[in-house]
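Student: One structure, pasted below without further comment.
The values are calculated or read from the model by the stated rules, or taken from the named source; none is laboratory data. Remember, predicted model here, so these are calculated numbers, not experimental data. Neighbour counts are summed over all protein chains in view; Cβ atoms, including those assigned to glycine, are modelled from backbone coordinates with ideal geometry.
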Amino acid sequence: MSYDAIVIGAGISGGATAYYLRKAGAKTLLLERGEPASGGTGKSAAIIRQSYSTPLLVRLARASITILENARAELGKDAGFVQDGYCFVVSADMLEGAKKNVAMQKSLGIANEWSDGPGFPQHLPEINPHGIAGIVYEPHGGYADPVQATEAFVSAFEQLGGEFRGRNPARRLLRQGDRITGVELDSGNVNAAHVVNAAGPWAKPLAASAGLDLPLRSVREQDTVWQVPAGRVVPRTSISLAVDACYYRPLGQGRFIIGRGFPKEYFDVDPYNYKTTPDDDFIRDVQARVERRFPTFAGMKLLDAYAALYDVTPDWYPFVGLRAGVGGYADFSGGSGHGFKIGPAIGRELAEWLLKGTVADDFRQLSHDRIAANALFVQSFGGNRG
């Protein structure tokens, strides 16, 4: 059987790409080793923000917000997007860079507000001001439901006639000379004009099956879920507390996903065999940081904790698109902590690149070809799960 396109991986990246390929008329097969969002996407805090240090990521984050805002009309289902705002809290050593980024974001039409010191008490009530040099507030930020959003893309893809095969892992890429021609499945080989490797942490071994280098790390990332005692005044916004290297994602009713952000140690693991349960010292560390910053969280109860995976490139920007020297193949991996919030927009632009050959100059820079060109991006602020 032959397709115009095969997309491997039904996280937010693969789900969005498959949807936009099918919407453009391509006969598309979407493959997933488990169920939609059963990999890193499903464990994402899914914080939505535009606080980035490069115009490209700002543009992609803004476009993804618009897609999520219009999900019900576009996809037929809500993406679980709660637009309660986002706060980025910076320390003194980040102050100059943060102010430059705010100015750049405003020049691109992003709505944000700046406060020197611990401002925005309506969004960050009863916060300990120690060490806070400035705060950015984005009214269009917030958070989404990563599983609901991914399922919305996959469902819309199927409604358009796309073929989704869950619990159907891609065993290897098929290659003839300098071209990827399809995928080997347990049921046999399938061919396609385009194969998109959106397999997340499993993208590296998949690429290697066809002799393609993919410098991608799989690192273990932990998150915790807490219940704040009833009656406490708590933030409603999503928060990146760079001053504490923590992030907060509200779940409603006094519950929060809380994890550690950049800077921190990252530990490489085998994506097929890693510890998915939390570390006790990690839980204690998160609790201590949170209760110092928000005394109103004191006495909070741990509801859940788990570990998932980041797939990380050398410069923390994803590999997306065609690459020189091999036809019929496109990367879409390395989302790290940014993947969820920029995935929908990337999927749309990647589909246009594959089917029409048109691509914006800034988007083309995401290609794996930047490795050979020694044109890596500078790492942006933050390391939050996307």
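Student: Based on what the data block shows, is residue 125 without any contact (Cβ under 8 Å) to a residue 24 or more places away in the chain and either small (Gly, Ala, Ser) or not in a helix (DSSP H, G or I) (or both)?
Tutor: On the way: without any contact (Cβ under 8 Å) to a residue 24 or more places away in the chain: no; either small (Gly, Ala, Ser) or not in a helix (DSSP H, G or I) (or both): yes.
Taking the combined requirement at face value, the residue does not satisfy it.
Student: Filtering segment 66-121 down to residues that are assigned to a helix (DSSP H, G or I) and among the charged types (D, E, K, R), which residue is nearest to residue 162 (Cα to Cα)? Give the steps one after another, and end with the answer.
Tutor: As a first pass, look at segment 66-121 and keep what is assigned to a helix (DSSP H, G or I): 66-69, 71-75, 92-107.
Those still in the list that are among the charged types (D, E, K, R) too: 69, 72, 74, 93, 96, 99-100, 106.
Details: 69: 23, 72: 19, 74: 16, 93: 49, 96: 48, 99: 45, 100: 44, 106: 39 Å.
Filtering first and then ranking leaves 74.
Student: Among the residues that make up segment 333-346, is at least one of them modelled with pLDDT of 95 or more, among the aromatic types (Phe, Trp, Tyr) and over 29 Å from residue 21 (Cα atoms)?
Tutor: no
Student: Here's a follow-up. Would you be able to tell me the number of residues in segment 32-65 that are among the small types (Gly, Ala, Ser), closer than 23 Å to residue 138 by Cα and surrounded by fewer than 23 Cβ atoms within 10 Å (Cβ to Cβ)? It would help to see each step written out before you state the result.
Tutor: First pass over segment 32-65, keeping only residues among the small types (Gly, Ala, Ser): 34, 37-40, 42, 44-46, 51, 53, 61, 63-64.
The next check asks that each one be closer than 23 Å to residue 138 by Cα; those that pass are 44-46, 51, 53, 61, 63-64.
With the extra rule that they be surrounded by fewer than 23 Cβ atoms within 10 Å (Cβ to Cβ), the set shrinks to 53, 63.
Qualifying residue count for the region: 2.
Student: Could we say that residue 378 is in contact with a strand residue (DSSP E or B) (Cβ under 9 Å, 6 or more places away or on another chain) and in a loop (DSSP other than H, G, I, E, B) here? Before the answer, list the steps.
Tutor: Numbers: in contact with a strand residue (DSSP E or B) (Cβ under 9 Å, 6 or more places away or on another chain): no; in a loop (DSSP other than H, G, I, E, B): yes.
Judged against the criteria, residue 378 is not a match.
Student: When you scan segment 50-65, how many residues do you find that are closer than 16 Å to residue 238 by Cα and in a loop (DSSP other than H, G, I, E, B)?
Tutor: 3
Student: In segment 183-206, is there at least one residue being among the acidic types (Asp, Glu), within 16 Å of residue 289 (Cα to Cα) and modelled with pLDDT of 95 or more? Steps first, answer last, please.
Tutor: Quick first cut of segment 183-206, residues among the acidic types (Asp, Glu) only: 184, 186.
Now narrow it down to the ones that are within 16 Å of residue 289 (Cα to Cα): none.
Checked segment 183-206: no residue is among the acidic types (Asp, Glu), within 16 Å of residue 289 (Cα to Cα) and modelled with pLDDT of 95 or more.
Student: In the list 331, 362, 304, which residue meets the criterion of being surrounded by fewer than 24 Cβ atoms within 10 Å (Cβ to Cβ), closer than 28 Å to residue 267 by Cβ and of a type in the set (D, E, K, R)? It would help to see each step written out before you state the result.
Tutor: On the way: 331 fails: surrounded by fewer than 24 Cβ atoms within 10 Å (Cβ to Cβ); 362 fails: closer than 28 Å to residue 267 by Cβ.
That would be 304, the only listed residue that is surrounded by fewer than 24 Cβ atoms within 10 Å (Cβ to Cβ), closer than 28 Å to residue 267 by Cβ and of a type in the set (D, E, K, R).
Student: Considering 86, 143, 137, which residue is touching a residue at least 60 places away in the same chain (Cβ under 8 Å) and closer than 30 Å to residue 32 by Cα? Please lay out each step first, then the result.
Tutor: Values: 86 fails: closer than 30 Å to residue 32 by Cα; 137 fails: closer than 30 Å to residue 32 by Cα.
After ruling out the rest, the residue left standing is 143.
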